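The values are calculated or read from the model by the stated rules, or taken from the named source; none is laboratory data. The shown structure was predicted, so the numbers you read here are calculated from the model rather than taken from an experiment. Every residue, glycine among them, receives a Cβ derived from its backbone with ideal geometry; neighbour counts consider all protein chains shown.
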Number of protein chains: 2
Amino acid sequence: MTTFVFGHKSPDTDSTCSPLVWAWFLSHHQPGAAEARLLGTPNTEAQFVLKRWGFDEPEHMLDVEDGQPVVIVDTNNPAELPANINRADIRAIIDHHKLVPGIETKNPIEVTIRPLACTATLMWQLMGGHAGHAPESIKGLILSAILSDTLEFRSPTTTDFDRRLAEHLAQDLGIEIPSYAAEMFAAKSDVSRFSDEELLRMDSKEYNVDGVEFRVSVLETVAPQTILSRKDSLVATMPKVAAEDGAQQVLLFVIDILKEEATLLVPNELTRKVAEASFGATVSGDTVVLPGILSRKKQIIPALKVA
Amino acid sequence: MTTFVFGHKSPDTDSTCSPLVWAWFLSHHQPGAAEARLLGTPNTEAQFVLKRWGFDEPEHMLDVEDGQPVVIVDTNNPAELPANINRADIRAIIDHHKLVPGIETKNPIEVTIRPLACTATLMWQLMGGHAGHAPESIKGLILSAILSDTLEFRSPTTTDFDRRLAEHLAQDLGIEIPSYAAEMFAAKSDVSRFSDEELLRMDSKEYNVDGVEFRVSVLETVAPQTILSRKDSLVATMPKVAAEDGAQQVLLFVIDILKEEATLLVPNELTRKVAEASFGATVSGDTVVLPGILSRKKQIIPALKVA
């Protein structure tokens, strides 16, 4: 039975590329052993990366059959996975996020979580000697995932290993990192065709902070004005998205990759309190700039407080 | 701040030895970086092993201070750890049990779980080249943990890697596995001085099966009569232990290591139903023999059903 490898819902570049990398690895000695799947439409950067390295978009999957062999990558959070994930035959978890209660297996399985910037980096480590045999297309996916997750090494999540691996792969592939990363980020910033609801859910995770359920959305961009010019209609759409997703409030951080700062939209008193309590910010208008804030995982989530 | 390394409550040989192994590894380049701790009195086999390889019994620990750096080994189950474990600074988890929801970290940490028979085997893999530099005493602990967890390779949890590593270490140390394992198992079987309550909790884990909370206790022994001759008073003590520990029923499996069979005590209708539904056993008296059943993890827990 073919093993399905997938990342989280609302796939970003890492959650799109890493399943392809691991499916390649699992199928290396046994063709067809594993296939990548996507839990939704990949973002524009991930679509660019697939095309650049010659991959068709993997099949989408909403639910998983009971007993289906699966490998979960780039998340260990059931909220980001099919609702019936615990009825699948989970074979392995490969991730770089904090441990969240929820996944339960009937037997011991392989779980590997490391505080690296990128799942694809961890896969490189796990593949050992096999990694060097990867075709250029797979190496291109790994390079792309690292550049995406580290925002070209700007994010504080970046480890020496992530950076050295990306530089090694770029050299191997004859890729100039600055120009390739600029192409990727331009693709990621090309979001004008998306609705407000789509933007609020594009790169979004739910977290409970002091008993309040938040949807914490980030939009990494080299063109923040594209998004901030739509501020009023984004704010107007927040209550609908929050209600539909069972959250009390959407927090939208527009991450300016090049200026290395985040702008948080502040539509109400709750969000103002969060901005002040979490980041020591002084909020006067309906947005607040948070200098140096680039990483939801490392800088936003650990800091979040309601008061 | 010194990192504390510990396994589960009611420490067996693996949960006693593995913390010492990992504390040695963490302190290898930075003396004093880590120390082993025990969450209770080690069993008689673990005490024998400590003495055999020249270790003092590590300090016991009941609670963990908020923010204390810790590495959790040989479990990922909060029920087997200090109640306030999620307020510690959990740095890593190294384990070979099924994933159970409960531990939550604030940041990404190192989590490594593998379906090996023994935590110490996984540590050998993780230490890479360092492992070969371990002193004889540390190698002795690893060998002992593997022989204990695999019941000298009899348990179906045994992997090729566990067996090959144990054989390699035994050769390296000049140890004859059959005679050393026999000494270990004799020590483990020397339980006559323990009270019924102590026996029921000695190697015991709580599991919820179809909504019923069970304490699933095993006693691995080469002298099953020592325990079975106390059947009546063990059965009489079960309701008290269950009530104190918030379980509905204690299931006691006496594992005959040499005959490779388990005897389940059947004091009531609920336990009879469990025996029949889980193992297809036909129960006539107040015990039932389950041929070939040696492993709680691989054979008992995955099979448990109430009806």
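For first residues located in the range B:18-41 and closer than 18 Å to B:C118 by Cα, partners that are of a type in the set (D, E) and not in a loop (DSSP other than H, G, I, E, B) and lie 6+ apart or on another chain with Cβ distances below 8 Å form the pairs B:A23/B:E35.
To keep it simple, each residue is scored yes or no on (1) in contact (Cβ under 8 Å) with a residue 24 or more places away in the chain; (2) acidic (D, E).
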| residue | (1), (2) |
| --- | --- |
| A:S217 | yes, no |
| A:Q225 | no, no |
| A:D256 | yes, yes |
| A:T287 | yes, no |
| A:Q299 | yes, no |
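Among residues of the range B:170-187 that are over 11 Å from B:L147 (Cβ atoms), those with a beta-carbon under 7 Å from a residue that is modelled with pLDDT of 95 or more and in a helix (DSSP H, G or I) at least six positions away or on a different chain give the pairs B:D172/B:K139; B:L173/B:E136; B:L173/B:K139; B:L173/B:G140; B:L173/B:L143; B:A187/B:T44; B:A187/B:E45; B:A187/B:F48. Is it the case that the range B:98-111 has a residue that's more than 7 Å from every other protein chain (Cβ to nearest Cβ), closer than 20 Å to B:S295 by Cβ and among the charged types (D, E, K, R)? There is no residue in the range B:98-111 that is more than 7 Å from every other protein chain (Cβ to nearest Cβ), closer than 20 Å to B:S295 by Cβ and among the charged types (D, E, K, R).
Annotation: A:A36 fulfils all but one of (1) closer than 19 Å to A:I85 by Cβ; (2) surrounded by fewer than 23 Cβ atoms within 10 Å (Cβ to Cβ); the unmet one is (2).
In the range A:174-200, the qualifying residues are those that are among the charged types (D, E, K, R) and part of a helix (DSSP H, G or I), and the one that is nearest to A:N43 (Cα to Cα) is A:K188. Mind listing just one residue for me: the one in the range B:122-140 that is within 21 Å of the chain's Cα centre (by Cα) and within 12 Å of chain A (Cβ to nearest Cβ) and, of those, surrounded by the fewest Cβ atoms within 10 Å (Cβ to Cβ)? Residue satisfying both the conditions and the ranking: B:Q125. Every listed requirement among (1) closer than 21 Å to B:G140 by Cα; (2) at pLDDT below 95 is met by B:N86 save one, (1). Scanning the range B:104-124 for residues that are farther than 30 Å from B:V222 by Cβ and at pLDDT 95 or above gives B:I109, B:E110, B:V111, B:T112, B:I113.
Within the group B:S144, B:S148, B:S204, which residue is touching a Lys or Arg at 6+ places or on another chain (Cβ under 8 Å), assigned by TED's automatic domain parsing to the domain that holds B:P224, crowded, with 23+ Cβ neighbours inside 10 Å and closer than 30 Å to A:I109 by Cβ?
B:S204
The residue of the range B:56-90 that is surrounded by the fewest Cβ atoms within 10 Å (Cβ to Cβ), among those that are in contact (Cβ under 8 Å) with a residue 24 or more places away in the chain and within 10 Å of another protein chain (Cβ to nearest Cβ), is B:P78. Against the test of being closer than 24 Å to A:D190 by Cβ and assigned to a helix (DSSP H, G or I), the options A:A131, A:A46 yield a single qualifying residue, A:A46. Residue check: B:I93 meets all listed conditions (1) part of a strand (DSSP E or B); (2) touching a helix residue (DSSP H, G or I) at 6+ places or on another chain (Cβ under 6 Å) but one, namely (2). Only a single criterion out of (1) in the same structural domain as A:N77 (by TED's automatic domain parsing); (2) buried (at least 19 other Cβ atoms within 10 Å of the Cβ) is not satisfied by A:R215, namely (1).
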